[in-house]
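What follows is a single structure, written as structure tokens, with notes after it.
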Amino acid sequence: MLLVGAAPQRSFVVIVNPSNPIESISREELELIYRRYRYFWDDGRRMIPVNLQPGDALRQEFSRMVLRSSASALSTFWNRRYFAGVMPPAVLASPDAVHDYVKRIPGSIGYVMESLVDDSVKVVELLDE
Amino acid sequence: MRNALLLALVLLAPIAASGADMDIHYVPGRGLHLADDKVVLGGYLALNFKTLDESRTELALDDLSAFLTIAPTDRFRLFTEVELEDVVHIDGDGIGGNGDPVVLERLFAEYTPFDSVALRIGKMLTPIGIWNQIHAAPLVWSVSRPFATELFFDTQFTGLEIETRHNLGAYALRINAFGQATDPITATGAVQQMSRGGGARIQIGDLGHWHVAASYLRFLDDRDRIWKNTFGTDFQFVNDRWELMSEFSLSDPDGRETEWAVYLQAVYNLGAGFHPFARYEHVETMGIVRDPVSFGVDYKPRPNMIIKLEGVVGKAGLEDGGNGFLASYSVLF
């Protein structure tokens, strides 16, 4: 299990399904995934990013640090992408739900607090710019 | 329209037969989701009020749109948008409406063989500029539409499009190339009516934050029966407080005078859902030179709703209704 020790100011860690071979991911790549500008992993499987509820503090931190946008700006962004037929990442009820989803679904990626991590999910190192 | 519905049924059948989770759930502003998100039905509506010195005062349900996305596989999807225009209006003559309001706005199939490539065939929005690709009332900040975004090119085309995306470090390069070699599926109702043509748009920027782009289109106008060249540039910058948007469009028809238009729009997030905005335009068309200015404030009580109040000046003689006041309520569902 890899730790995200290089960025102590983050409250979240990025997790993927254990079948995913990646060990690290850049912030830029993660932003592309969560803005739905990247769709497939290198092995051809569909990327399935999942989000927390809009009011969740962890999601707000993720949006600020990875997507570099406020909730208002993201709302406008996703309204326009939706008009083009592109759906935002699915929203799950809680970090526990994210953990459970990523554990079960190949291709999925999410973010949770480090305390939720166990051997059923894989943590990937988030590389700063 | 009937063929589009038949195609939709053909695509829905395997989804239903696959035993996909038929759970149905609605997400406000993100549509009705079915079959494990393989089918999404959404849309929007716009209720507009206008009182302009060169047209009737009017309250109208101007747009009622429905769009359907069907994605039976990870790499293939079908998208269609059907719109009812001028459904009902109230003006000095009483209640009226468009007798034949149903318009097929978009109908295309998309295949994504790789992350960096998307292939589309069908009727789509012409990828010139920004506004044309996001023109729906709940997505833009003003009731009125800038002249540079619709005066010099057909706002839709029927044909093929290829989109490629390349990541260049922190930036992204996106190229759209498109062409039309047949008559359109349905008439677009746009100022320009393209019967044949092709073009491209190249964009570079930090996706979701800023970009600059340039476009070119050469097309045969179905009404004038002359070939026209349209050049365009566009720019957008977005942060937590500001959205700046600008587009330039120039038409150079064979054997005719050049026309052009440009706008610069600024929107500020004041907080509590309020967004004041202002837009300056310069238009030179058919011998008329004008500098329209639009200004106003929007209120977004929810992310998928917007109420707009707008004043417009400087539009005399541009066949756009003139100067005055506009208001709108629109919602994305």
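Read-outs throughout are calculated quantities, based only on the coordinates presented, and are distinct from any laboratory measurement. Predicted model only: the values in this text are computed from it and were never measured. Ideal geometry is used to build each Cβ from the backbone, glycine not excepted, and the neighbour counts take in all protein chains shown.
Below 10 angstrom from the Cβ of A:E31, what's the summed charge of the other residues (Lys, Arg +1; Asp, Glu -1)?
+1
All distinct Cα pairs of the protein assembly as shown go into the 1/r average, and the inverse of that average, the Kirkwood radius, is 23.6 Å. On the principal axes of its alpha carbon atoms, the stretch B:135-201 extends 41, 34, 18 Å, with the longest extent given first.
On the principal axes of its alpha carbon atoms, the stretch B:92-176 extends 58, 26, 24 Å, with the longest extent given first.
The mean sequence separation of alpha-carbon pairs under 8 Å and at least six residues apart, normalised by the residue count of the stretch B:2-332, gives a relative contact order of 13 percent.
Hey, what's the Cα Rg ratio for chain A versus the globular rule of thumb, 2.2 N^0.38 Å?
Values: Rg = 13.7 Å, N = 129, 2.2 N^0.38 = 13.9 Å.
Rounded to two decimals, the normalised Rg is 0.98.
Excluding same-chain neighbours fewer than eight residues apart, the lysines reachable from B:K123 by a Cα-Cα span under 23 Å are B:K38, B:K228. The simple spin-label model puts a point 7 Å past each Cα toward its Cβ; for B:A214 and B:Y329 those points are separated by 4.6 nm.
Peptide A:28-40 is shielded by partner chain Cβ atoms: per residue, an average of 4 of them sit within 10 Å of its Cβ.
Scaling against 2.2 N^0.38 Å puts the C-alpha radius of gyration of the stretch B:70-140 at 1.51. In summary, the lysines within cross-link reach of B:K315, defined as a Cα separation below 23 angstrom excluding same-chain residues under 8 places away, comprise B:K50. Taken over the Cα atoms of chain B, the convex hull encloses 145 Å³ per residue.
Report note on the peptides B:235-242, B:117-124: ranked by the mean count of other C-beta atoms within 10 Å, highest first, their order is B:117-124, B:235-242.
The stretch A:63-97 and the stretch B:193-230 have Cα centres lying 29 Å from one another.
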